[in-house]
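Asks: Dropping a structure here in structure tokens format, bear with me for questions.
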Amino acid sequence: MVEEDRFPRVVATAEGRPPRMSEAPAAYIASAVLLGAAFVALLWVPSYAHLTPDLGGIPFFYWYSLLWLVINACCQGIAYLLLVAAPRRRRQVRP
């Protein structure tokens, strides 16, 4: 089918499947902590629901939220490297 060729499945192991939790527990735990940090930080509203301090006239609420956008993007990139890119690189190095 054409759809299958346009969107190939991400394969992280030689057997044709993503790594399981039992094969890389540290990577899964680290990824969960990284992704959970942004989730908890933004859901804990009393920690940032105030106007001061401001940064260049922008209230704290806004720049805190925007800062977490950047932090979350970095955390997602690191989680991707831990769960997909690193196993793919290890598989390519092995003969």
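Where a number appears in this text, it was derived from the coordinates with a stated rule and is not lab data. Treat the numbers as computed from the prediction; the structure is a model and nothing was measured. Here the Cβ positions follow ideal geometry from the backbone for every residue, glycine too, while neighbour counts run over all protein chains shown.
Asks: Any idea what the relative contact order of the stretch 26-87 is, in percent, if you count C-alpha pairs under 8 Å spaced at least 6 apart?
Replies: Worked out over the stretch 26-87, it gives 47 percent.
Asks: Could you rank the peptides 39-51, 59-71 by their average count of other C-beta atoms within 10 Å per residue, with the highest value first?
Replies: Working: 39-51: 11.0, 59-71: 13.6.
Top to bottom by mean Cβ count within 10 Å: 59-71, 39-51.
Asks: Could you tell me what % of all Cα pairs in the stretch 42-86 have separations over 16 Å?
Replies: 49 percent
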